[in-house]
Amino acid sequence: MPDAVQSISAVEVITAKRDGGRLSDEQIDWVVAAYTRGDVADEQMASLAMAILLNGMDAEEISRWTQAMIDSGDVLSMSSTGRPLVDKHSTGGVGDKITLPLAPLVAACGAAVPQLSGRGLGHTGGTLDKLESIPGWRASLSLEEIAAQLADVGAVICATTPALAPADRKLYALRDVTGTVESIPLIASSIMSKKIAEGTGGLVLDVKVGSGAFMKTEARARELAATMVRIGEAHGLPTTALLTDMSVPLGRAVGNALEVAESVEVLRGGGPADVVELTVALAREMLTLAGITAVDPAQVLASGAAYSVWERMIAAQGGDPSAALPVAKHVEVHVAERSGVLTRLDAMAVGVAAWRLGAGRARKEDAVQAAAGVRLLVGLGEEVAAGQPLLELHTDTPDAMAGARAALAGGVEVSDEPSDRGPLVLDTIKAG
Ligand code: URA
């Protein structure tokens, strides 16, 4: 958006928020556009981001901020696919491979899923990193290729384009190094600006709660979910959020190729019960938003139809869905020190272990190991005997084993107390 009001200065915007005031529409439009152009310096935007983190923004400010970020770039139009468009976004968790079975499942049910994803940073892993463990698979597609694949296959998972919400790209990198990531208004506007610019017709959010999630408490996760649902409503994008547990890893596999293999099991009608439950729960919400109510995603998953879409989706991007996945050069086990019940399997501990084994990256430029990660051999609440293997650690770099074992210390516990995992889906938040 061009400068609407030439007289606004960055210092005036910063001090208004620093002193607990609300920003006007003009101030928001100006500061986001000027920052994107380079007319507001990084140190000024960092200062404003900190003021927002400390003093918050109200619903109108958040909505306007989101719009200003959308306006900083292109808005895609994918309406020519001939099917209702619906997408899903997860705030990220350990072993969260749900997009992989979900996108082909929802496509197999009749909707089109344009899943434009990023790469993983830190302990949660990224969808593109997972898919890149499939030989030949290509993340970068042109807009024409995305549209053609959506019309033909119904599902595309690919790298986002730099033209979508460039203000967010710049601001997120700045927040990452200035201690300002954890602001709910900034997280909500960051996620929603990209999804709205992508041109989806409906959006389901998987907002994770727990040790392995961005949001450690249910109250914070609930606030983030409600904020994003409100933004969706204000921008005419029907949005539903599920609050889901991330205190324990999802499924039995954490790491890129390991998670692809588990997703294929789910697509073939098997796989861990929690991955199947969440995939089906999210599919139901997506299909509701797409207006497809006569199809039961649980049945479609069990029928193998989603697996056929998966094969076509992978092949359309150069991947060989039947190729063997990479296998780690070194595998060690972590055993139970005593007999009892597995009462603690902390998502953060397992996520950090997988990351240290090479599954994730510390900096944007780092490469990830396709085969690295953790396989969980025992579920929470199961009985184990002393010496029984609980987890497998996979890596190509054996020096990483010690760091992974250190990450697991205190995160995996066997005791005498019976322990059950709580519900996976904690709540559903809709507009209105
Ligand atoms: N993911 C995003 O896309 N943006 C944030 O601010 C946080 C997580």
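The values are calculated or read from the model by the stated rules, or taken from the named source; none is laboratory data. Small disclaimer: the values here were computed from a predicted structure and weren't measured. Every residue, glycine as well, gets a Cβ built from its backbone with ideal geometry; the counts of neighbours run over all protein chains shown. Ligands, DNA and RNA are excluded from the accessible area calculation, which covers all protein heavy atoms including side chains. Shrake-Rupley method; radii C 1.70, N 1.55, O 1.52, S 1.80 Å.
Brief remarks follow.
- Cα-based helix-to-principal-axis angle, 273-290 vs the chain, degrees rounded to 10: 30 degrees
- For the chain, the Kirkwood estimate of hydrodynamic radius, built from reciprocal distances between every pair of different alpha carbons, is 22.3 Å.
- Angle between the chain longest axis and helix 59-71 axis [Cα atoms, degrees, rounded to 10]: 90 degrees
- Cβ crowding within 10 Å averaged over residues, with 160-173, 384-397 ranked highest first: 160-173, 384-397
- Amide H contacts under 5 Å for ALA155, placed H, 5+ residues apart: VAL113
- Note on LYS97: lysines with a C-alpha under 16 Å away, same-chain residues under 8 apart excluded, are LYS88, LYS130, LYS208.
- From phi via Karplus (6.51, -1.76, 1.60), per-residue ³J(HN,Hα) for the range 150-167 in Hz, x at Gly/Pro: 5, 5, 7, 9, x, 9, 9, 10, 8, 5, 5, 9, x, 6, 8, 6, x, 4
- Under 5 Å from the amide H of ARG344 lie the amide H atoms of GLU413, each residue being 5 or more positions distant or on a separate chain, with H modelled from the backbone and absent for Pro and chain starts.
- Å² of accessible area per residue within the range 3-56, as computed with a 1.4 Å probe and no ligands counted: 47 Å²
- Using a probe radius of 1.4 angstrom, the carbon and sulfur fraction of the accessible surface of the chain is 52%.
- Simple spin-label estimate for GLU12 and ALA385 in nanometres, 7 Å along Cα-Cβ: 7.6 nm
- Sites GLU26 and ASP427 - FRET efficiency at Förster radius 30 Å, r taken between beta-carbons, to 0.05: 0.20
- Highest mean packing comes first when the peptides 126-134, 209-217, 322-330 are listed by Cβ atoms within 10 Å, giving 126-134, 209-217, 322-330.
- Span from the the range 197-262 Cα centroid across to the the range 130-167 one, whole angstrom: 21 Å
- Beta bridges by DSSP in the chain, antiparallel share as percent, to the nearest 5: 55 percent
- Once the Cα atoms are used to define both axes, helix 99-108 deviates from the longest principal axis of the chain by about 80 degrees.
- Along the range 332-337 the Karplus relation, 6.51 cos²θ - 1.76 cosθ + 1.60 evaluated at θ = phi - 60°, assigns HN-Hα couplings of 10, 10, 10, 9, 6, 7 Hz to successive residues, with x for each Gly and Pro.
- Stretch gain in nm, segment ALA367-SER308, where the contour uses 0.36 nm per residue and the Cα spacing is subtracted: 18.2 nm
- Think of a 1.4 Å ball rolled over the protein heavy atoms: the range 330-415 then has 43 Å² of accessible area per residue.
- Whole-Å distance, taken between Cα centres, linking the range 333-348 and the range 53-76: 44 Å
- Take the Cβ atoms of GLU277 and ASP399, set R0 to 35 Å, and the FRET efficiency comes out at 0.40.
- Residues whose amide H comes within less than 5 Å of that of LEU426, counting only those at least five positions distant or on another chain, are LEU243, THR244, ASP245 (H built at 1.01 Å from N in the peptide plane).
- Taking all protein chains into account, the per residue accessible area for the range 79-323 stands at 31 Å² (1.4 Å probe).
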